[in-house]
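Notes follow the structure.
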Amino acid sequence: MLYRVIDRDDLPSLVAAFMERYEVIAPVKRGAGYVFSPVGSFDEICIDYPSTIASPKKYLLPPTETLFEFDAVENAVTDYTEEVRPRVLFGVHACDINGLMNLGSVFADPRYPDPYFQAHRGATLIVGVGCMPSEHCFCNLMDSEEARPGYDLFLTAIGERYLVSIGSVVGANILEGACDVREATDGDRIAFRAATRARQEAFNPAIPDIQEIPMLMDAFHEDAFWGELGERCLSCNACASVCPTCYCFDIRDTLDPGGVSGRRERVWDACTSPQFAMVAGGHNFRPTATERVRHRMYHKLNGFLATHDRSLCVGCGRCAAACKVDISPIEVLRFFERKGADDAC
Amino acid sequence: MNKIRRPSEGTAPRVVLIGLASCFGCQINITNIEAHLLEVLGQIDMAYWQLTSSDPMPDAFDVAVIEGAVTTEEAAATVRAARERARCVIAIGACAATGGIPGMAADDLAAHSARVYGDAAPRACGAMRAPVPVSAVVDVDFTVPCCPIDPFQFVRVLDAALYGSNRLEATSVLCGECKRNERGCFFQDGTLCLGLVTRSGCGAKCPALGRPCNGCAGLSPDGNVRAARFVAARSGMEVRRFDEALAMFNAVALAAADEEGGNR
């Protein structure tokens, strides 16, 4: 990996350089929170944001996406060729970059490559930015506190400078064209180490570090704990709406008002939705919230590993912030912390 | 999508639109699709629509669209007759779907009537009965919820009735849909919002416009009222306030649940 140093004051010209050729998506303030949104100038960007309400996933896997259009009278199908917009996701945290990597490994599966996701991904540059953990962050426990591949540039603040990790030629060219790029000095390296040390120490100590999570998930599959979560689940799917790695969808047809032409759309769906596991004939093989919540946690903390060799959950903590009844992987980690403790009953 | 066979002249599906106890706002809202109204009407034979024509209701029709709650024996008879004749019944709007606003009178109808009309209700009121949604009187094939309906959702449901559909109505509640809009949560500043238990599907339009959900889409069959009360209490609200707010569009469902001794 190649590293360079730029001044904090260089950021506006870096963003401006991206804007010449790309739509720039970045964290902005909205109400009491932050959201990823298209921006028109650097001044709109809140680069030191703690987290966003929902993840930047929405730009690669839109909540509603047309797959093709049809004529229902002629029984004809038109391949949908939406022009994919070249974009830069600017200011993405490491957890989300890892989340996008997870989505990539799903949608790039050679058995079922997904042209829609890949078209968006192929037209998207990612500029990551280092962050300080907030209350619900546990990326460090999900092996997602660092972005290794998965970005074009990654900026880590070191005082009034940024150490820039360069992940692609495109990223390097834009960086060099827009900024006064310098080699890192010994002082920069020490500052970088100080920054990573400070970050490492800032994670919420109340979120327990549990080893062997996938095996514990299997071991306590029948525990009454899941019933407690199920009893308070609102069946709202807020967790899935904000999650950077939920990728399930439903397919539905939408006719235009004239009843002739229409669109086949895929729309976000979630395993916490009561009808998610309903099959033809009306049988629902996860009819209770308990089964649904448990299934969600299994996929996040256990099931994905079998095929993709890493946990699906990246510890971004958004679901913990979004859930009104405190259901999140953090609660699962706390449950494991209680199990087997000397003073457990 | 199944291939759609266009009706030849004179064989378009006959649709009737029946208005019961309601403000007629849902019917009005159908006309608000303006640019598309003729396209929609072009697919059907609109055989009866009191709002637009004084032609009487025909004896035979294919699809009955019913707006409003059933509040009289006469209305119940109308609904039963419509069910017998139509192959498909669509309930539109909160009143038809949940009992809605008229449903608030369901609890102790006699006292409500006495307060408004004194000793005897005028004849024009008909034989009053405790208001109920259409589905309490006959089987309903499709429901378009909300107060008022989203007219485009109505058109999609009408399409489903005419041509079939691969859409499954979800019973997940509104919070998750609202989160997609990334507008924050009313509970954070102590404002009561019924998105915790109200059926999703509307796109959380009101919260997106800065108004909390008032539950017009109706309590979801999978709504977890007990957990929602806990959320309200934890956010510093009286549970009684939550219950009162929920009753506005769900009085009938809540009364039925109470009778069953349920906890919801």
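Quick notes on this structure:
- Scope the range A:188-223; condition surrounded by fewer than 12 Cβ atoms within 10 Å (Cβ to Cβ), without any contact (Cβ under 8 Å) to a residue 12 or more places away in the chain and closer than 27 Å to A:I158 by Cβ; matching residues: A:I190, A:R193, A:R197, A:E201, A:P205
- Restricting attention to the range A:62-115, the residues being in a loop (DSSP other than H, G, I, E, B), among the β-branched types (V, I, T) and either in contact with a His (Cβ under 8 Å, 6 or more places away or on another chain) or within 14 Å of another protein chain (Cβ to nearest Cβ) (or both) number 2.
- The range B:187-216, subset among the polar types (S, T, N, Q) and more than 11 Å from every other protein chain (Cβ to nearest Cβ), residue farthest from A:V325 (Cα to Cα): B:N214
- Applying the criterion of at least 3 residues that are of a type in the set (A, V, I, L, M, F, W, C) and within 14 Å of chain B (Cβ to nearest Cβ) to the helices (runs of 4 or more DSSP H) found wholly in the range A:154-247 leaves A:238-242.
- Those residues of the range A:284-331 which are assigned to a helix (DSSP H, G or I) and more than 20 Å from A:F220 (Cα to Cα), in sequence order: A:T307, A:H308, A:R318, A:C319, A:A320, A:A321, A:A322
- Verdict on A:R286 being modelled with pLDDT of 95 or more and under 26 Å from A:T52 (Cβ atoms): no
- Any hit, the range B:49-58, residues being closer than 21 Å to B:A253 by Cα and away from chain A (no Cβ under 14 Å): no
- Condition check for A:D253 on (1) buried (at least 17 other Cβ atoms within 10 Å of the Cβ); (2) touching a residue at least 24 places away in the same chain (Cβ under 8 Å); (3) more than 7 Å from chain B (Cβ to nearest Cβ); (4) not in a loop (DSSP other than H, G, I, E, B): one failure, at (3).
- Of the helices (runs of 4 or more DSSP H) entirely within the range B:156-264, those holding at least 1 residues that are β-branched (V, I, T) occupy B:225-234, B:239-259.
- Condition broken by B:D139, with the remaining ones in (1) part of a loop (DSSP other than H, G, I, E, B); (2) modelled with pLDDT under 95; (3) of a type in the set (D, E) satisfied: (2)
The values are calculated or read from the model by the stated rules, or taken from the named source; none is laboratory data. Remember, it's a predicted structure, so these values are computed and weren't measured experimentally. Here Cβ is always computed from backbone atoms with ideal geometry, including for glycine, and neighbour counts include all displayed protein chains.
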